[in-house]
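Notes follow once the structure below has been shown.
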Amino acid sequence: MAAPTSSQQVSPQEALIFTMVTMSAVDRNMTDAELARIGALVGQLPVFAGFNPDDLVPLAQRCGEIIASETGLSDVLAVIRTSLPPSLYETGYALGVEIAAADLNVKIEELRLLELLRDELDLDKLTTAAIERGARARHATG
């Protein structure tokens, strides 16, 4: 199956996975911690009920194909926005934050992607700050 273009839609579950994969790939270094966190979130969260875990790798590859194009980042953000219902915008942002925090080293590229995602999903700064603070609390080591 061909990678979706920015005018195409994927399922909401796939869009959430695109969000996590894009966050992991944005610094050009998908760490084991990030990949493990993606798998764990897909296996644990109710929003992924019924999702076949065997589809995760092919879906990540499809996302990678979009990202690799000349307009990849803007294209994948458009796919995410058009594929997620507004009721899952905060969930999408929260999953992006989770992946950024997974290796306990949030890089500048990840911060910039979070800004772009916030803007693309039209989320206010207070909401995103609360989501980010929750992630800091969950990932605190001492």
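Annotations
- Qualifying residue in the stretch 22-32 (condition: in a helix (DSSP H, G or I), more than 21 Å from GLU115 (Cα to Cα) and open to solvent by 60 Å² or more (accessible area, probe 1.4 Å)): yes
- Taking every residue in the stretch 24-36 that is farther than 11 Å from ALA101 by Cα and pairing it with any residue that is in a loop (DSSP other than H, G, I, E, B), at least 6 positions away or on another chain, the pairs with Cβ-Cβ distances below 6 Å are ASP27/LYS107; THR31/ASP103.
- Residue tally, condition open to solvent by less than 40 Å² (accessible area, probe 1.4 Å), at pLDDT 95 or above and not in a loop (DSSP other than H, G, I, E, B), over the stretch 114-142: 5
- If you filter the stretch 65-94 down to residues that are part of a loop (DSSP other than H, G, I, E, B) and modelled with pLDDT of 95 or more, you find that the one that is nearest to the chain's Cα centre (by Cα) is LEU84.
- Residue count, the stretch 87-102 (criterion: open to solvent by 60 Å² or more (accessible area, probe 1.4 Å) and either touching a Leu at 6+ places or on another chain (Cβ under 7 Å) or in contact (Cβ under 8 Å) with a residue 12 or more places away in the chain (or both)): 1
- So PRO12, is it at pLDDT below 90, out of contact with any Cys (no Cβ under 6 Å at 6 or more places or on another chain) and closer than 25 Å to LEU123 by Cβ: no
- Test: VAL42 is open to solvent by less than 60 Å² (accessible area, probe 1.4 Å) and over 15 Å from GLN13 (Cβ atoms): no
- Pairs with Cβ under 8 Å, 6+ apart, first in the stretch 59-86 and within 16 Å of ASP27 (Cβ to Cβ) and open to solvent by 10 Å² or more (accessible area, probe 1.4 Å), second hydroxyl-bearing (Ser, Thr, Tyr) and modelled with pLDDT of 90 or more: ILE67/THR22; LEU73/THR22
- Taken together, the residues in the stretch 97-121 that are under 14 Å from ASP27 (Cα atoms) and either charged (D, E, K, R) or touching a Cys at 6+ places or on another chain (Cβ under 7 Å) (or both) amount to 5.
The values are calculated or read from the model by the stated rules, or taken from the named source; none is laboratory data. Not measured: the values here are computed from a predicted model. As a convention, Cβ positions derive from the backbone with ideal geometry for all residues, glycine included, and neighbour counts pool all protein chains shown. When the accessible area is computed, the model is the full protein with side chains, heavy atoms only, and any ligands, DNA or RNA have been set aside. Shrake-Rupley method; radii C 1.70, N 1.55, O 1.52, S 1.80 Å.
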